[in-house]
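Single-structure report; data block below.
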Amino acid sequence: MKPQGYPALFLCLTLAACPLVDGLVVPPIIWSGKSATTRLFLAKKKRNTKKAGNSASGGFAATVKKNKSTNVGGDYAMFPALEPDVKGTLVASPDDPNNDPPRELPNEIYQRLDQIYGFSQFNYENSPVAEEEEEETTMSFQDLISGNLEEEDEDEDDNDTHQILSQLPPFEQFHVLHVDPLVISVQDFFTSEECDAYVDMPNLPDKEMFQTGSMTVGKDAKSKAQRTSTTWFNHYKNVPALMAKASRLLGLEGIDQWEEPQTVRYRRSEKFTWHLDALGPQELTSSKGGQRIATVLVYHTDLEENEGGATIFRDLRDKNGDRLKVQPKKGSALIFFPSAGGIPNQPLDIRTLHCGESVAESSQHDKWISQLWLRATRNAYQPTAPDGNTHAAATEAIADYCKAAA
């Protein structure tokens, strides 16, 4: 029976306006029994629209000229409004997270995560992709168009790490906040005790945290005006719950693609204005792991709407037509994908432009989050902070955490 929920046509929309692809023909998803596979083909055709220049990293980075009448927060000098054809790819979610209870992800969202973003094992065991029959194989769109048709050899260490992570149960409490680009929240990601421990961590001298800033598109010379929060870089081994749960959720074989885990505190009046998590051309080097392909934010404190501190997406809308605004909820996680899914070399996706809203002066709480960015290339990212930080050093801590949590 064909699953009900989000139309399969949404799988096509992310790529429809991309100037890097000459033409795209995507037949509808075919359901057969328990499996659901998508066959993607490229077809050449002439287009009359101009291609975006490479200076903006391609993908959905093309923008129109500055329009003072549509200024939002004074940031249009750096981030102009979306072009009409790019804006036309946006697909809001039919869900209302304020009134609808969280639930398991619909099949169509798992298919989108696989075929568009390349996460074929996202939240595996309950994932329709993970339940494919052995004789059937799936291939991400990125692999198809890049010619990467060979199966990768399985690494013994990967199998061991995967077995460790698979001790954790799949997550069940989801909200789909936006369909294209995809934005998801998980309501049961951290326990209250885990949140409290991460808030206390910067006060523990034995954790050897390193305080510094973070690279995002839009910081650069204006970093002081853009970000007023405090960031600590953590050793992977000191945050096993974060590393294990994030890797388990995205269906990773290991943790080697993650950047240094960060803890961030926003006090009253502190904020992070409009920015992109994806890396610009100057930071994007293959020797450092390639583009950022996923963002995971974990909220460690509750903030009511009148307390501010929300994560706001400038160009995305909810089902009511209001700007997509995610209020911090203790223990919940926010997941989105800052680079253009399915595009070679993963250029940035300007549609994911977002900000950290200023915490209100009247707020009774600081805003505390953990954040992680996943790079595109396996075994390539080399952490630089704190001193001596390595992925391998976290193996024992993650194994102990998963065993205790199972």
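The values are calculated or read from the model by the stated rules, or taken from the named source; none is laboratory data. Keep in mind it's a predicted model, so treat the numbers as computed, not measured. Positions of Cβ are generated from backbone atoms using ideal geometry, with glycine treated the same way; all protein chains shown enter the neighbour counts. Ligands, DNA and RNA are stripped out before the accessible areas are found, and what is left, the full protein with its side chains, is counted by its heavy atoms. Shrake-Rupley method; radii C 1.70, N 1.55, O 1.52, S 1.80 Å.
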Go through (1) within 22 Å of the chain's Cα centre (by Cα); (2) open to solvent by 20 Å² or more (accessible area, probe 1.4 Å) and name the single condition Ile369 misses.
-> (2)
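Condition check ((1) in a strand (DSSP E or B); (2) acidic (Asp, Glu); (3) modelled with pLDDT of 90 or more) across all residues:
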{"position": "Leu177", "(1), (2), (3)": "yes, no, yes"}
{"position": "Ser185", "(1), (2), (3)": "yes, no, yes"}
{"position": "Phe189", "(1), (2), (3)": "no, no, yes"}
{"position": "Glu194", "(1), (2), (3)": "no, yes, yes"}
{"position": "Asp206", "(1), (2), (3)": "no, yes, no"}
{"position": "Ser223", "(1), (2), (3)": "no, no, no"}
{"position": "Trp232", "(1), (2), (3)": "yes, no, yes"}
Just one of (1) open to solvent by 60 Å² or more (accessible area, probe 1.4 Å); (2) on the phi < 0 side of the Ramachandran plot trips up Asn379, so point out which.
-> (2)
If you scan segment 363-405, which residues turn out to be over 27 Å from Tyr117 (Cβ atoms) and touching a strand residue (DSSP E or B) at 6+ places or on another chain (Cβ under 6 Å)?
-> Asp366, Lys367, Trp368, Ala385, Pro386
Of Ala404, Ala394, which residue is open to solvent by 10 Å² or more (accessible area, probe 1.4 Å) and either within 19 Å of the chain's Cα centre (by Cα) or among the hydrophobic types (A, V, I, L, M, F, W, C) (or both)?
-> Ala404
Is there any pair linking a residue in segment 227-243 that is on the phi > 0 side of the Ramachandran plot to one that is surrounded by fewer than 23 Cβ atoms within 10 Å (Cβ to Cβ), with Cβ under 6 Å and at least six apart or on different chains, and which?
-> none
